[in-house]
Amino acid sequence: MIKNIIFDFGDIFINLDKKATHKELEKLGVSNISDEIMSVVHQYEKGLITSRDFINFFSSKFSVSSSDLVFAWNSILLDFPLTRLAFLKELSNSKKYRLFLLSNTNDLHISWVQENWGLKLYNEFNKCFEKFYLSYEINLSKPSSEIYEFVLTENNLNAQETIFVDDLKENTAAANRLGIHTWNLIPGQEDVTQLFTKNQTLF
């Protein structure tokens, strides 16, 4: 029986345009996403470097202005359908499950969300979860097994009583290897509001 639900954030609650940042960076002359760039991105996602360090890397290497970079970086972020918030609030209010958020994200993205949603809506969303785990705050990121073990251990969760919802196969596969039930949600074809109808055998 499922007692705990761990949700991803991007393309689960907030819609994403995963190609947008690359397109915008190309316009700024950053066309080759090198291993060095990916290393900096992963460090930033884990909170191992600051937003200022992240911006300075692009400014010094590609002569990109901070405002242009921030715009390009945040272009991946789209809308948050309020039907999903209504579903989440109803789920939270039912008290039937322990709810957690586990997201690979960074300071610039969260700042954008807070500014564009407004703090009232952001806090309304946040308080639906028992714990709100953001990769840059805990210095861990998916699909590393450590991040799932961290959440399980810190909250005394039984993997067999837990389902993890994420849109990326490598993330759900990593959680599954630890015995966590998973739903690899396909954006555009499925919606988080279908959690129970798509996973009837677990609930």
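If you fit an axis through the alpha-carbon atoms of helix 51-62 and take the longest principal axis of the Cα set of the chain, what angle between them do you get, 0 to 90°, nearest 10?
40
Quick one: among Tyr148, Tyr136, Tyr97, which has the greatest mean-square fluctuation in a GNM of the chain with alpha-carbon springs under 10 angstrom?
Largest GNM mean-square fluctuation: Tyr97.
Using unit Cβ charges (K, R positive; D, E negative) and no other charged atoms, how large, in debye to the nearest 20, is the dipole of the range 6-123 about its Cα centre? Don't jump to the answer; show the numbers that get you there.
Working: 13 positive and 14 negative charges, 108 e Å.
Rounded to the nearest 20 debye, it is 520 debye.
Counting only residues 5 or more places away or on other chains, whose amide H sits under 5 Å from the amide H of Phe7 once H atoms are built in the peptide plane?
Close amide H contacts, sequence-distant or interchain: Phe100, Leu101, Leu102, Val165.
Show which lysines lie in cross-link reach of Lys89 when reach means a straight Cα distance below 24 angstrom and same-chain residues fewer than eight apart are skipped.
Lys3, Lys120, Lys127, Lys131, Lys198
In nanometres, what is the gap between the two model label sites at Asn156 and Ser63, each 7 Å from Cα along Cα-to-Cβ?
Inter-label distance under the simple model: 6.0 nm.
Which whole-Hz couplings ³J(HN,Hα) result when phi for each residue of the range 170-184 is put into the Karplus expression 6.51 cos²θ - 1.76 cosθ + 1.60, θ = phi - 60°, listed in order with x for Gly and Pro?
After applying 6.51 cos²θ - 1.76 cosθ + 1.60, I find 5, 6, 5, 4, 5, 5, 4, 5, 8, x, 7, 5, 9, 10, 8 Hz.
Looking at the range 104-166, I'd like the Rg to Rh ratio, where Rg is from alpha-carbon atoms and Rh is Kirkwood's inverse mean 1/r. Please report the intermediate quantities before stating the final value.
Values: Rg = 13.3 Å, Rh = 13.2 Å.
For the range 104-166, the value is 1.01.
Quick check: residue separation of Glu146 and Phe71 times 0.36 nm, minus the Cα distance between them. What number comes out in nm?
Working: separation 75, 0.36 × 75 = 27.00 nm, distance 3.16 nm.
Here the segment from Glu146 to Phe71 would lengthen by 23.8 nm.
In whole percent, how big is the carbon plus sulfur part of the accessible area of the chain, probe 1.4 Å, protein atoms only? Please report the intermediate quantities before stating the final value.
Working: 5020 of 10240 Å².
Carbon plus sulfur share of accessible area: 49 percent.
Which entry is the computed Rg/Rh (Cα atoms, Kirkwood Rh) for this structure: (1) 0.98; (2) 1.03; (3) 0.95?
Correct label is (1).
So how much slack lies between Leu28 and Asn139, counting 0.36 nm per residue of separation and subtracting their Cα-Cα distance, in nm?
Working: separation 111, 0.36 × 111 = 39.96 nm, distance 2.92 nm.
That pair, Leu28 and Asn139, stretches by 37.0 nm at full extension.
Taking the alpha-carbon distance from Lys23 and a cut-off under 29 Å, which lysines remain once sequence neighbours fewer than 8 residues away in the same chain are dropped?
Lys46, Lys61, Lys142, Lys169
Starting from the Cα-Cα distance between Ile2 and Glu90, subtract it from 0.36 nm times their residue separation and give me the gain in nm to one decimal. Spell out each step's value before the answer.
Details: separation 88, 0.36 × 88 = 31.68 nm, distance 1.71 nm.
Result for the pair: 30.0 nm of gain on full extension.
Provide the per residue accessible area, probe 1.4 Å, for the chain, rounded to a whole number of square angstrom.
Accessible surface, normalised per residue, equals 50 Å².
The values are calculated or read from the model by the stated rules, or taken from the named source; none is laboratory data. In this text, all values refer to a predicted model and were calculated from it rather than measured experimentally. Counting neighbours? That spans all protein chains shown, and the Cβs are built from the backbone with ideal geometry, glycine included. With ligands, DNA and RNA removed, areas are computed over all heavy atoms of the protein, side chains included. Shrake-Rupley method; radii C 1.70, N 1.55, O 1.52, S 1.80 Å.
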